[in-house]
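The values are calculated or read from the model by the stated rules, or taken from the named source; none is laboratory data. Quick caveat, the model's predicted, so the values are computed rather than measured. Please note: Cβ atoms are built from the backbone with ideal geometry, for glycine as well, and neighbour counts cover all protein chains shown.
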């Protein structure tokens with residue numbers, strides 16, 4: 001596979017990546033270098049952790065056929081309210097309370113998955129009802145009050161930093177040597193994994209990119225990883241929530257790209273009837289997707305309540321919109337069957353950097369909403385136009401081939 005073929009095959013993903021780099025450079029210049037300062041990058045991770053977590057779950061919903069979950073913001077608020085009640089009001093053990101909150105999230109997913117997958121209520125209606133129900137339960141539990149503060153044991157999972165195991169060494173002058181070492185190890189492991197995967201695909205006879213393209217990609221990605229961890233090491237180190245994000249991204253990237261369930265998700269999104277006739281258990285799969293979405297929403301609820309250090313009845317407002325926007329900006333198709341975890345991460349970063357950059361510049365939240373709406377519209381328009389052009393090209397080639405066959409017979 002040459003450069004042109006590789007770019008054409010991944011045009012949407014590369015385009016969004018180029019846009020992300022352009023946005024970073026744009027705000028880096030306009031904020032006089034504030035955007036990429038170590039403290040601000042750490043803040044970016046904390047500010048957007050919940051968006052990435054929700055967007056990964058939302059991607060799986062969208063893959064099944066363009067379905068979405070409108071209740072995730074309310075689930076975030078409800079889980080935060082439960083955590084606040086368990087820990088602050090009742091004085092329960094924080095670790096046990098976190099486990100109970102995750103189980104509550106799974107129970108919510110079972111409830112919604114049942115109505116969507118087995119009763120066949122459209123996902124839009126079922127989750128819209130869930131949005132109202134769970135927001136109401138949040139208000140009932142909190143009685144309109146905000147519970148604060150959480151104990152340090154609860155906050156450590158989301159607002160803490162990885163401790164420095166090499167205190168006093170200060171490798172390359174950084175404040176947290178452990179974070180830099182961790183970044184180098186992750187870059188090395190990633191490169192080895194990609195090389196091994198490349199060799200495996202080539203050995204099996206799959207079409208693979210040129211070794212030069214692979215080498216270029218590895219150098220760029222490895223350098224970006226090391227730079228990120230080096231920057232974090234110059235502040236307080238790697239945030240604990242960043243490790244949580246890394247685990248989620250790796251697990252779900254593997255799930256969607258290298259497992260039977262992942263292939264079934266894409267098949268169901270491409271053509272549900274054909275997938276069912278091929279043996280895919282579409283009902284069970286749809287049920288599990290919404291259980292998973294609620295579980296990740298509960299994780300996001302714990303992360304967000306820890307960041308606020310409070311359980312608020314207003315938490316989670318419009319979170320579902322941020323997650324949906326991140327998926328579509330990152331390349332997910334509105335009709336399902338297309339989208340990647342990596343693309344979703346890029347979409348979430350675009351939204352997060354737009355928010356952060358405009359906030360640093362002092363732009364009002366009203367204008368920020370307008371900009372984000374226009375970005376989402378442009379991303380979906382690009383998807384629709386690209387599909388139309390692809391369809392037109394395919395039909396043109398098919399007609400040309402038929403004309404050639406007719407001329408040959410004549």
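Considering (1) at pLDDT below 95; (2) in a helix (DSSP H, G or I), the lone condition that residue 67 does not fulfil carries the number (2).
Restricting to the stretch 327-366, name every residue that is over 30 Å from residue 263 (Cβ atoms), in a loop (DSSP other than H, G, I, E, B) and in contact (Cβ under 8 Å) with a residue 24 or more places away in the chain. Even if it seems obvious, please write down each step before you answer.
Of all residues in the stretch 327-366, those over 30 Å from residue 263 (Cβ atoms) come to 352-366.
The next check asks that each one be in a loop (DSSP other than H, G, I, E, B); those that pass are 361-364.
Selection gives 361 alone.
Taken together, the residues in the stretch 177-209 that are at pLDDT below 85 and loosely packed, with under 11 Cβ neighbours inside 10 Å amount to 4.
Would you say residue 259 is over 20 Å from residue 134 (Cα atoms), surrounded by fewer than 21 Cβ atoms within 10 Å (Cβ to Cβ), touching a residue at least 40 places away in the same chain (Cβ under 8 Å) and over 18 Å from the mean Cα position of the chain (by Cα)?
Working: over 20 Å from residue 134 (Cα atoms): yes; surrounded by fewer than 21 Cβ atoms within 10 Å (Cβ to Cβ): yes; touching a residue at least 40 places away in the same chain (Cβ under 8 Å): no; over 18 Å from the mean Cα position of the chain (by Cα): yes.
No; evaluated as a whole, the condition is false for this residue.
Within the stretch 150-171, if we keep just the residues that are part of a loop (DSSP other than H, G, I, E, B) and under 15 Å from residue 97 (Cα atoms), the residue that is farthest from the chain's Cα centre (by Cα) turns out to be 151. It is to be established whether one or more residues within the stretch 86-103 are under 28 Å from residue 268 (Cβ atoms) and either touching a strand residue (DSSP E or B) at 6+ places or on another chain (Cβ under 6 Å) or in a helix (DSSP H, G or I) (or both). Yes: the stretch 86-103 contains one or more residues that are under 28 Å from residue 268 (Cβ atoms) and either touching a strand residue (DSSP E or B) at 6+ places or on another chain (Cβ under 6 Å) or in a helix (DSSP H, G or I) (or both).
What do you reckon, is residue 28 more than 30 Å from residue 122 (Cα to Cα), without any contact (Cβ under 8 Å) to a residue 12 or more places away in the chain and either in a helix (DSSP H, G or I) or in contact with a strand residue (DSSP E or B) (Cβ under 9 Å, 6 or more places away or on another chain) (or both)? Before you say what the answer is, go through the steps one by one.
Details: more than 30 Å from residue 122 (Cα to Cα): yes; without any contact (Cβ under 8 Å) to a residue 12 or more places away in the chain: yes; either in a helix (DSSP H, G or I) or in contact with a strand residue (DSSP E or B) (Cβ under 9 Å, 6 or more places away or on another chain) (or both): yes.
Spelling it out, residue 28 is indeed more than 30 Å from residue 122 (Cα to Cα), without any contact (Cβ under 8 Å) to a residue 12 or more places away in the chain and either in a helix (DSSP H, G or I) or in contact with a strand residue (DSSP E or B) (Cβ under 9 Å, 6 or more places away or on another chain) (or both).
Test residue 266 against the stated conditions and say whether it is surrounded by fewer than 19 Cβ atoms within 10 Å (Cβ to Cβ) and outside any loop (DSSP other than H, G, I, E, B). So residue 266 passes the test.
Has the stretch 117-128 got any residue that is more than 28 Å from the chain's Cα centre (by Cα), within 30 Å of residue 276 (Cα to Cα) and surrounded by fewer than 18 Cβ atoms within 10 Å (Cβ to Cβ)? Checking the stretch 117-128: at least one residue is more than 28 Å from the chain's Cα centre (by Cα), within 30 Å of residue 276 (Cα to Cα) and surrounded by fewer than 18 Cβ atoms within 10 Å (Cβ to Cβ).
Quick grid of which residues meet (1) modelled with pLDDT of 95 or more; (2) within 14 Å of the chain's Cα centre (by Cα); (3) surrounded by 16 or more Cβ atoms within 10 Å (Cβ to Cβ); (4) more than 28 Å from residue 97 (Cα to Cα):
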| position | (1), (2), (3), (4) |
| --- | --- |
| 319 | no, yes, yes, no |
| 355 | no, no, yes, yes |
| 374 | no, no, no, yes |
| 388 | no, no, no, yes |
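Within the bounds of the stretch 210-219, is there any residue that is in a helix (DSSP H, G or I), exposed (fewer than 11 other Cβ atoms within 10 Å of the Cβ) and at pLDDT 90 or above? Looking through the stretch 210-219, none of the residues is in a helix (DSSP H, G or I), exposed (fewer than 11 other Cβ atoms within 10 Å of the Cβ) and at pLDDT 90 or above.
Can you confirm whether residue 234 is closer than 30 Å to residue 302 by Cα and more than 24 Å from the chain's Cα centre (by Cα)? The answer is yes for residue 234. Anything in the stretch 40-92 that is on the phi > 0 side of the Ramachandran plot and touching a helix residue (DSSP H, G or I) at 6+ places or on another chain (Cβ under 6 Å)? List them, or say none. Scanning the stretch 40-92 gives a single hit, 65. For the stretch 154-176, indicate whether the set of residues that are closer than 30 Å to residue 215 by Cα and crowded, with 19+ Cβ neighbours inside 10 Å is non-empty. The answer is yes; a qualifying residue exists. Can you name the number of the only condition in (1) exposed (fewer than 14 other Cβ atoms within 10 Å of the Cβ); (2) over 22 Å from residue 322 (Cα atoms); (3) under 20 Å from the mean Cα position of the chain (by Cα) that residue 246 fails? So residue 246 meets the others, but not (2).
Considering 283, 307, the condition of being outside any loop (DSSP other than H, G, I, E, B), more than 19 Å from residue 115 (Cβ to Cβ), in contact with a helix residue (DSSP H, G or I) (Cβ under 9 Å, 6 or more places away or on another chain) and in contact (Cβ under 8 Å) with a residue 60 or more places away in the chain is satisfied by 307 alone.
The set of residues from the stretch 37-64 being in a loop (DSSP other than H, G, I, E, B) and surrounded by fewer than 21 Cβ atoms within 10 Å (Cβ to Cβ) comprises just one member, 37.
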